[in-house]
Ligand code: NAD
Ligand code: UDP
């Protein structure tokens with residue numbers, strides 16, 4: 001297949017690019033580098049089946065015939081999407097629409113990267129795909145949450161009215177090598193802080209929870225979904241739920257760090273709990289994650305160590 005991946009220079013997009021090339025496909029990566037990095041694709045410089053286009057998907061373009069589109073372009077870390085608020089809303093609206101038009105034109109299959117943020121600060125726990133969410137439509141996170149919810153509506157409408165063969169993956173917090181060390185997400189912050197011997201910054205009292213999925217498990221789930229015929233959203237995430245305080249201590253254990261833990265104010269609308277119900281992914285795709293948090297942190301250690309060295 002000739003596959004188009006938007007957001008290919010990002011954390012997940014670059015891993016997906018590697019996995020699809022390994023499966024023997026040709027990949028056209030499209031990225032405007034607003035949060036991604038050429039470094040994530042540097043190892044593909046001499047790969048003849050990979051092509052990279054520097055382009056903002058909010059501007060329409062013709063990639064020529066493609067068989068599959070993985071739509072992953074969007075700022076994703078809270079500091080990034082709050083800095084790029086309007087761009088985030090636009091990529092989830094104009095950008096997603098442009099890619100759906102390409103899919104309609106070439107009869108390409110489509111998979112859109114959605115998110116657990118569609119559930120907002122959930123009052124159902126764990127979150128099943130049937131849950132409609134609890135989202136503040138005008139709060140600081142709304143630029144991301146509503147962008148992603150609008151994309152889900154748009155993708156579903158193109159499936160319903162225009163017969164685009166589309167899928168929606170709701171990704172829960174994913175981490176691993178190529179997460180930008182300075183993107184402000186919790187794993188990037190804790191790993192770089194612990195490696196530098198700095199204090200680990202917990203926002204709030206650390207009792208809020210997240211469920212962390214290692215990148216190879218996430219990509220495996222996404223690829224299985226891409227081969228399925230499911231059009232409704234599917235949660236792909238690791239159901240093992242951690243408080244942020246326990247996560248900080250796990251990072252300290254893995255690194256052997258004696259950094260202090262310090263507490264900062266909790267950002268507005270920060271979700272208090274997050275845990276995927278993956279019953280559907282298990283039944284439909286035969287998928288469940290294999291890598292627990294401490295193993296995944298160990299697998300990420302060398303990457304964060306070299307990122308810090310490169311930045312020094
Ligand atoms: P990332 O920031 O590393 O990657 C996003 C990529 O999209 C970057 O390379 C960026 O430059 C590119 N991009 C942004 N706007 C663009 C535009 N208008 N045109 C072209 N390229 C553009 O983030 P990530 O963690 O790899 O996330 C990838 C996707 O997965 C996003 O859609 C995100 O919402 C979704 N997601 C990620 C997570 C996670 O935990 N990593 C969780 C839920 C959903
Ligand atoms: N967080 C934290 N310290 C940090 C960065 C994040 O305590 O240095 C918290 C954040 O407030 C949230 C959780 O960790 O409760 C996950 O944050 P992240 O930005 O990684 O992703 P989110 O799931 O909030 O989008």
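Observations on the model:
- When 171, 222 are checked against the criterion of being closer than 26 Å to residue 96 by Cα and within 14 Å of ligand 2 (Cβ to nearest atom), a single residue qualifies: 171.
- Odd one out for residue 296 among (1) surrounded by fewer than 18 Cβ atoms within 10 Å (Cβ to Cβ); (2) farther than 28 Å from residue 142 by Cβ: (1)
- Filter result for residue 65 (out of contact with any strand residue (DSSP E or B) (no Cβ under 6 Å at 6 or more places or on another chain) and either surrounded by fewer than 16 Cβ atoms within 10 Å (Cβ to Cβ) or free of Cβ contacts under 8 Å to residues at least 60 places away in the same chain (or both)): yes
- Of all residues making up the range 24-46, the number that are more than 16 Å from ligand 2 (Cβ to nearest atom) and surrounded by 14 or more Cβ atoms within 10 Å (Cβ to Cβ): 14
- All strands (runs of 3 or more DSSP E) inside the range 1-87 with 1 or more residues being more than 17 Å from the chain's Cα centre (by Cα) and near ligand 1 (Cβ under 10 Å from one of its atoms): 50-54
- The listed residues are 194, 181, and the only one of them that is assigned to a loop (DSSP other than H, G, I, E, B), surrounded by 18 or more Cβ atoms within 10 Å (Cβ to Cβ), more than 11 Å from ligand 1 (Cβ to nearest atom) and in contact (Cβ under 8 Å) with a residue 24 or more places away in the chain turns out to be 181.
- Condition check for residue 309: modelled with pLDDT under 95 and either closer than 19 Å to residue 190 by Cβ or under 20 Å from the mean Cα position of the chain (by Cα) (or both): yes
- Selection within the range 127-162 - away from ligand 1 (no atom under 16 Å from the Cβ), in contact (Cβ under 8 Å) with a residue 24 or more places away in the chain and under 29 Å from residue 227 (Cα atoms): 128, 156, 158, 159, 162
The values are calculated or read from the model by the stated rules, or taken from the named source; none is laboratory data. The structure displayed is predicted, hence computed values, not measured ones. Positions of Cβ are generated from backbone atoms using ideal geometry, with glycine treated the same way; all protein chains shown enter the neighbour counts.
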